[in-house]
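Have a look at the structure below before the remarks.
The values are calculated or read from the model by the stated rules, or taken from the named source; none is laboratory data. No experiment lies behind these values; they were computed from the predicted model shown. No Cβ is skipped: glycine too gets one built from the backbone with ideal geometry, and neighbour counts run over all protein chains shown. The area values use the complete protein model at the heavy-atom level, side chains included, leaving out ligands, DNA and RNA. Shrake-Rupley method; radii C 1.70, N 1.55, O 1.52, S 1.80 Å.
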Amino acid sequence: MSTYDVAVIGSGPGGYVAAIRCAQLGMKTAIIEKYSTLGGTCLNVGCIPSKALLDSSHHYEHAVKHFEDHGIEVPGEVKVNLEKMIARKQAVVDQTTGGIDFLMKKNKIDVYEGVGSFKDATHILVEGKDKTEIEAKYTIIATGSKPSNLPFINLDKERIITSTEALELKEVPKHMIVIGGGVIGLELGQVYRRLGSEVTIVEYMDRLIPTMDAGLSKELTKVFKKAKFKVNTSHQVKSVEREGDEVVVKANNKKGEEVEFRGDYCLVSVGRRPYTDGLNAEAAGVKIDERGRVEVNDHLQTSVSNIYAIGDVVKGAMLAHKASEEGVLVAETIAGQKPHIDYNLIPGVVYTWPEVAAVGKTEEELKEAGVEYKSGQFPMRALGRSRASMDIDGFVKILADKNTDEILGVHMIGARAADMIAEAVVAMEYRASAEDIARMSHAHPTFTEAIKEAALAATDDIALHV
Ligand code: FAD
Ligand code: NAD
C-alpha cells in the first residue's frame, strides 16, 4: 500500500492548489480525482468554459452591434457558428486542464483516477480507473459542489438543463427561460442573449444578484432590460414541465397570481450544493452539517483532527479563489505555519458586461450593523476612457467609515471591473482610507480613474470630473 503525508480528495481549484502547496512544503502528496481530467468544476464546467463563451459571444455582439459605430464595415452577414464556438471553448478547457497535469508532474504529486472513499481516518479506497488503497497521515477533502435543483423539477439535461449542459448546447435557443437571477443565470443568460436567444429571467427575490449591493443590482438590471432581457423578480417558480420541444414554467408573481412562461430551453441556476456523495465521510468520523457541508472549525479542520476540508464543500462563498486560498491555508497549517484568511476581503465578480465586482461590506450590511458610513460614487460615463471604448454604463462606489475614513466596501459595475477590484482588495488589506486612494495617481486615461474619483467623492465630496 502506498503511504503519503497528505492525500487530497478532489482536484478543483481547492484540491489541486492544496496539493501543490503541500508538495512545495516537502510533504509526500497524492491527489484523487474521479474524472479523467483534473481541475474540477472550475476548469471543466465552470469558470473557464463560461468565460470562454462570454468572450466569444461578446466578440459576436461587438461585430453585429458596434463595429459600424467604430467605422468598421463587414462585407456580408456576421454569423454564429455555435459548434465552432463550443469547440474553441473545449480547446481552452483542454489546454487549461492539461496545465494541471503538468503541475502535478512538476511537483511530483501522485495522481489517482477514481472515486476516493474513506475506509477509516487514515485509509482511503480509490475505485475507478485506478483501484487501490492508500494510507495518509493527513487528508484534505476538496470534493466541491454540484448544481442544486428544486424538488419538483425533473432535470432532463436536454431542454431542462443546468450550467453544465448550457456550456454544450447544439443550437442557439429560441427562448431560454432562466430560473435564478444569480451569477450563473446572468452570465450564461447573457451568452445566449448575445447569440440571439430571447431570455426570460425568473428570480425569487426582489432583485437580480440579490446578495450583492442593491446599487449594483439596479444598474445591471437597467442594462439587461436595455438589452431586452425579460426580468421577472419576486416570482416563485411552482412547476417546470416538458411539452414536446417546449418547456412550460409556471410561477406565482408578487400578487400571488399564476404566470406562465414558454420557451424551448430552461436553465435551472438556483445555486449549488456541497458534494460528498460516495466519500463515506462517516467511516472516518467526519461530521456533515444540516446543509450537507463538511463541518469545519476556523482552521478548516473537520471533527477528525487529521482531516481538513476546503472550498465549495465547506461553509462560505462558492468561489474558485476562495477554495484556492483555503487550500494554501490548510497546507501551511499542516506544515506547522500560522496562515490566515480575511474572508471579508474575498472579492466577488459577475463576468457579464458590464462586469460587476465587489469587496467588503454592502450598504445594506452596514445599515443593518448600524455602522456610520459615508459613500462616494462616480459614474463610468464621465471618464474619457469609457467614451473612447463606448463602455459608458456603470459606476464605482466606495463606502468608508464616517469617522475614521477607513474603506469598508467597494462596489463597481463597468468595463473591466473584474480586474479593477484588485486595487480595492489591496487598499482594504492595508486598511487604507478613502483619502489614501484619492491622493494616489491613477494612469490617464483608464477605467481605474473612476476609483480615484469615487474615493475623492467619499473623502470630501470633491470628485473632480462631475
Ligand atoms: P470543485 O471545483 O467542484 O472540484 C471538486 C472535484 O472533486 C471535482 O473534480 C470532483 O469530480 C471531485 N470529487 C468529488 N468527490 C470525489 C471523490 N469522492 N473522489 C474523487 N474525486 C471527487 N468561481 C469563481 O471564482 N469565478 C468564476 O468565474 C466562476 N464561474 C463559475 C461558472 C460556473 C458555470 C460554475 C458552475 C461555477 C463557477 N464558479 C466560479 C465556482 C467555482 O467553479 C467553484 O467555486 C470552484 O470550482 C470550487 O472549487 P473546489 O475545489 O472546492 O471544488
Ligand atoms: P446563486 O446563489 O448566485 O444564484 C441563485 C439565484 O437563484 C439566487 O438569486 C436565488 O435567489 C435564486 N433562486 C433560488 N431559488 C429560486 C426559486 N425557487 N425560483 C427562482 N429563483 C430562485 O447561484 P448560481 O448562480 O446557481 O451559482 C452557484 C454558485 O456558483 C454561486 O455560489 C456562485 O458563487 C458560483 N459561481 C460564481 C461565478 C463567478 O464568480 N463569476 C460564476 C458562476 C457561478
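A few remarks follow.
- With every protein chain in place, region 271-339: carbon and sulfur % of accessible area (1.4 Å): 47 percent
- The share of accessible area on region 2-149 that comes from carbon and sulfur is 52 percent, using a 1.4 angstrom probe.
- Positive end of the dipole of the chain (Cβ unit charges, origin at the Cα centre): among 425, 125, 294, the Cα lying farthest that way belongs to 125.
- The charge dipole of region 160-270, taken about its Cα centre with unit charges on the Cβ of Lys, Arg, Asp and Glu (plus for the first two, minus for the last two), comes to roughly 520 debye.
- For region 323-379 versus region 143-159, the gap between their alpha-carbon centres in whole angstrom: 28 Å
- Using Cβ point charges alone (K and R +1, D and E -1), the dipole size of region 345-460 about the Cα centre works out to roughly 320 debye.
- In plain terms, if you count all Cα to Cα distances in the chain and split them into 20 Å steps from zero, the share in each step is 23, 52, 25, 1 percent.
- Dipole of region 1-124 [Lys/Arg +1, Asp/Glu -1 at C-beta], most positive-end residue of 76, 31, 10: 31
- MRE, 222 nm, helices only [DSSP H, n ≥ 4, -39500 (n - 2.57), over the chain, to nearest 500]: -9500 deg cm²/dmol
- Ligands, DNA and RNA left out, the accessible area of region 160-270 computed with a 1.4 Å probe is 49% carbon and sulfur.
- Over the chain, accessible surface divided per residue gives 47 Å², non-protein components excluded, 1.4 Å probe.
- Among 217, 180, 464 - extreme Cα towards positive end, dipole of the chain, charges at beta-carbon: 180
- Cβ crowding within 10 Å averaged over residues, with 353-366, 110-123, 5-18 ranked highest first: 5-18, 353-366, 110-123
- Distant alpha-carbon pairs in region 160-270 (separation over 18 angstrom), percent: 44 percent
- Electrostatic tally near residue 126: other residues with Cβ closer than 13 Å to its Cβ, Lys and Arg +1, Asp and Glu -1, net -3.
- Highest average first, the peptides 72-82, 97-107 ordered by how many other beta carbon atoms sit within 10 Å of their residues are 97-107, 72-82.
- The separation of region 384-408 from region 177-241, counted between C-alpha centres, amounts to 24 Å.
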